2 protein chains.
Amino acid sequence: MAAPKQYQFQYTEFWQGRTGLSFGVERILFNRQSAYQQVQVLQTDAFGRVLTLDGLVMLTERDEFVYHEMICHPALCLLPHPRRVLIVGGGDGGTLREVLRYAEIEQVDLVEIDEVVIEAARTCFPELSRAFDDPRARLHVADGAAFVREAAPATYDLIIVDSTDPVKFAEGLFGESFYRDCARLLREDGMLVTQSESPFDQTFQASIQAAHAMLGRLFSQVHMYLAHIPTYPMGLWSFMLASKRLHPVDDFDSEQAARRLAPFANRLRYYNVELHRAAFALPSFVRRLFADARSRPAHPESLHSNDIG
Amino acid sequence: MAAPKQYQFQYTEFWQGRTGLSFGVERILFNRQSAYQQVQVLQTDAFGRVLTLDGLVMLTERDEFVYHEMICHPALCLLPHPRRVLIVGGGDGGTLREVLRYAEIEQVDLVEIDEVVIEAARTCFPELSRAFDDPRARLHVADGAAFVREAAPATYDLIIVDSTDPVKFAEGLFGESFYRDCARLLREDGMLVTQSESPFDQTFQASIQAAHAMLGRLFSQVHMYLAHIPTYPMGLWSFMLASKRLHPVDDFDSEQAARRLAPFANRLRYYNVELHRAAFALPSFVRRLFADARSRPAHPESLHSNDIG
């Protein structure tokens, strides 16, 4: 008879006060203080291996598919001819893996500031980090904000901001000058996707409204979409899609998307063509975040930003 | 200066192993062992008052709106002329409150087995339990399975099963004979809605498949839909809508629904007309639960059940 599993300790990511998600931890697989943050990988009971940065859950073996599919596929299925993609952050390789599923993608630049994150993924998440071995992937260990400041204009079809929360060294990835650099790097039909925290979390509602207003001054379309990620605070996660031309729902061509997905649709576990439209339909309390922002604009030009949902 | 809040203890609902949602608890407001279960109300730091039954979170002040809106409004906006509704369980009054928002509803029977739940709601959740004071509400403290066995046929337009998990005394609310009694009680266009646990939780995947197959033998349409409920296990919750005639998406009349909702749409915080269709679009891993069930039917007639999503 197998011995019962031994737990070293219970680890809790506090979302607010003493409320948060607790994990039973069997072992610590990786534990390193980098120049930027504490990088840990925990072996947990219910979610498998869990990567944390400064104690915040970045991904778990069991539910990473939701985040990584949803940060990529809505934009990639919407773009008519995506060829070149920039990922800012995403040093674990999960977002890269999803982008590289498309045979028509020719090059992906990935800019990760912290090489210890890449090392943790190489050690503990080979099913994510093996994406770095694809010859189309180019890894840059550098600051994302500096990278986009210096890159050549009209280079990318899609920029994906796969960052941590807008605090400390990642704060520069949520400001207007960063978004302006991104807009300059994008081709004519280009799009930017950024993770934008949980709209259920009152701490981040103001920064969600601010990001939406800033992007609305730079792109003709700005829309939020949602996904269920059990191990992220409140389980409800948002992304912002900013697009130079195409509307993410009205201009979505289901048949083109289905053809694009066909070679690997059976390997996707969350995203599908029907879910694309559904992800942009927002609960009323989320819609009101933007209605409120529109009725009291900090700058009159934020009225140019398009409706949400 | 205000003194810092005092926490009595941290309360965790374990979802699997030692993984689960933890709450900082300031006070215990209600604590009674009924004939059926331990009924507690906790004052928590991040979710306000929380009702637990046998240690499982049933509702919280902060996110109860999602569950209560989503168990009612999709069916009520789909039905052409809903007049009479049966709620099985739901002793807190939250589901009743949502049903009674519609002026055209003439009578709601609510059958709750445990009067201590009603008392806890009366004491700690007046914004839910005041629905019992509406003259259209009829409260029956009784066993739901017995009630549906004895009620007159073709009485209700909608039956809502607002129960705890399918264990102990609530197990009878998830079996085929219960569903058959419900089908008999429903009028020609009638519908049944039941909460059906989290599809992310492997413990309940088999019971979700079983419920879908059973309902498929009794109703012409059986469809799952989803909602984000942060304090329920995995944060992703499912409902099953079984309908005698109408398809919940193809037969959904957005304009009729918008007219129906107009008098109280600004008081809803989750459901809206666009979200209706979106809730029925399922992530790929959820769709496959039903594809697998269909490809290996326990009974050939389960093939009659309609596609999902």
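Numbers for the structure displayed
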read-out: Within region B:248-276, backbone nitrogen closer than 20 Å to the virtual label 7 Å beyond the Cα of residue B:220 toward Cβ; value: B:248-254
read-out: Among B:198, B:220, B:163, residue whose mean-square fluctuation peaks in a GNM of chain B (springs only between Cα atoms under 10 Å); value: B:220
read-out: Interface B:A - total buried accessible surface [probe 1.4 Å, Å², rounded to 100]; value: 3700 Å²
read-out: Relative contact order (%) - chain B, alpha-carbon pairs under 8 angstrom, separation at least six; value: 15 percent
read-out: Spacing of the two label points (7 Å from each Cα toward its C-beta) at residue A:154 and residue B:154, in nm; value: 7.1 nm
read-out: Debye log10 I(q)/I(0) at q = 0.14, 0.16 Å⁻¹ for region A:64-295, Cα point scatterers; value: -0.85, -1.16
read-out: Placed amide H near residue A:271: partners under 5 Å, 5+ positions off or other chain; value: B:284
read-out: Sulfur and carbon atoms: percent of accessible area, chain A [1.4 Å]; value: 50 percent
read-out: Calculated [θ] (222 nm, deg cm²/dmol) that DSSP helices of n ≥ 4 give over chain B, each run adding -39,500 (n - 2.57); value: -8500 deg cm²/dmol
read-out: For the protein assembly as shown: accessible area per residue (Å², 1.4 Å); value: 38 Å²
read-out: Average partner coverage of B:220-231, which counts Cβ from other chains inside 10 Å; value: 3
read-out: Sites residue B:207 and residue A:146, calculated FRET efficiency, Cβ-Cβ separation with R0 51 Å, nearest 0.05; value: 0.45
read-out: Region A:10-59 - percent relative contact order, Cα under 8 Å, separation 6 or more; value: 26 percent
read-out: Alpha-carbon gyration tensor eigenvalues x 5, square-rooted, for the protein assembly as shown, Å; value: 41, 28, 24
read-out: Label point 7 Å beyond Cα along the C-beta direction, distances from residue B:103 to other copies (nm, shortest first); value: 6.1
read-out: Within 10 Å of each Cβ in A:195-201, the average number of Cβ atoms from other chains; value: 2
read-out: Karplus (6.51, -1.76, 1.60) ³J(HN,Hα), θ = phi - 60°, over region B:78-94, in Hz, Gly and Pro reported as x; value: 8, 5, x, 9, x, 10, 10, 10, 10, 10, 9, x, x, x, 6, x, x
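The values are calculated or read from the model by the stated rules, or taken from the named source; none is laboratory data. Every value quoted in this text rests on a predicted model; they were computed, and no experiment measured them. With ideal geometry, Cβ positions are generated from the backbone for all residues, glycine too; neighbour counts draw on all protein chains shown. The area values use the complete protein model at the heavy-atom level, side chains included, leaving out ligands, DNA and RNA. Shrake-Rupley method; radii C 1.70, N 1.55, O 1.52, S 1.80 Å.
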